[in-house]
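**Student:** Supplied in C-alpha cells, the structure appears directly below.
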Amino acid sequence: MKLNKLATIGTLALSVVGLSACNNIMPAKEKAMPAKQVTAQNQAMAKMNVVQVAQSNPDFSILVEAVQAAGLVAPLSSPNANFTILAPTNAAFAQALQETGLSKEQLFANKAALTKILGYHVISGTAPVYAKDVKPGNIVMLSKDTLMVTPEGKLQDESGRTATILKTDIPATNGVVHVIDKVLLPQ
C-alpha cells in the first residue's frame, strides 16, 4: 500500500503537459510587475532549458530535487527535445506528501515510482504545447498514463484529483513550462 502511495506521489512530480484552454493565470505578485520587466524575465528564461528554468525558481526546489533523485536531469536538459512540463510548486509537493503519508526521503528512495510520477508531468513531442493550443480531452503523458483537461481548463489525474494551472507558457530552449498547484498522480 505504501508503494501504491509512492507511485501516486511520483506521478505528481514533473508534469509536463499541454495545458488546457487556460489563460495565463499569474500570481498577484507577477501581475503587478511592469510589462518590460516580465518581457525581460521571459527572454532570460528562453535561454535556459526546462531544468534550468526550474532551478532558477526557488518555488520548484523540491521538483528539482526529485528530478535529480530520479536521474532525469540529463534527459530533460536535452537540446534536441521539445518538452511540455507541468511543474508542481513546493506547496503542491508538501500537500502530496501529507496526503500519502510519505516523507520526501521515502518518495525519492523509490526511483521507479518517482520516475513514473515525474513522467506524468511531461509531454514530449515535436513541438511544445502552449496554453492556446490545448483543448479539453485526454492527453497521454510521457509516463504512458492519461491526464484529462477539463472544459474549465483544469487538469484531472487518473486518481480523480484536480490541479489548477497557476501560470502558463514559461519559455525554455527545449520546451515550455506550466506551473500547477498539485502533484499529479497516476492510478
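The values are calculated or read from the model by the stated rules, or taken from the named source; none is laboratory data. These numbers were taken from a predicted model, which means no experiment stands behind them. Cβ placement follows ideal geometry from the backbone for every residue including glycine, while neighbour counts extend to all protein chains displayed. Surface areas here come from the heavy atoms of the whole protein model, side chains and all, with no ligands, DNA or RNA. Shrake-Rupley method; radii C 1.70, N 1.55, O 1.52, S 1.80 Å.
**Student:** If we scan the range 38-48, do we find a residue that is modelled with pLDDT of 95 or more and surrounded by 14 or more Cβ atoms within 10 Å (Cβ to Cβ)?
**Tutor:** yes
**Student:** Which ones in the range 117-130 are of a type in the set (Gly, Ala, Ser) and closer than 13 Å to Ile85 by Cβ?
**Tutor:** Within the range 117-130, Gly119, Ser124, Gly125 meet the criteria.
**Student:** Here's something else I'd like to know. Picking from Leu184, Leu166, which residue would you name as being under 22 Å from Leu97 (Cα atoms) and open to solvent by 50 Å² or more (accessible area, probe 1.4 Å)?
**Tutor:** Result of the check over Leu184, Leu166: Leu166.
**Student:** Here is a list: Ser159, Ser143. Which entry is open to solvent by 10 Å² or more (accessible area, probe 1.4 Å), touching a residue at least 12 places away in the same chain (Cβ under 8 Å) and under 14 Å from the mean Cα position of the chain (by Cα)?
**Tutor:** Ser143
**Student:** Can you report the number of residues in the range 80-97 which are open to solvent by 10 Å² or more (accessible area, probe 1.4 Å) and within 19 Å of Glu158 (Cα to Cα)?
**Tutor:** Residues in the range 80-97 being open to solvent by 10 Å² or more (accessible area, probe 1.4 Å) and within 19 Å of Glu158 (Cα to Cα): 2 in total.
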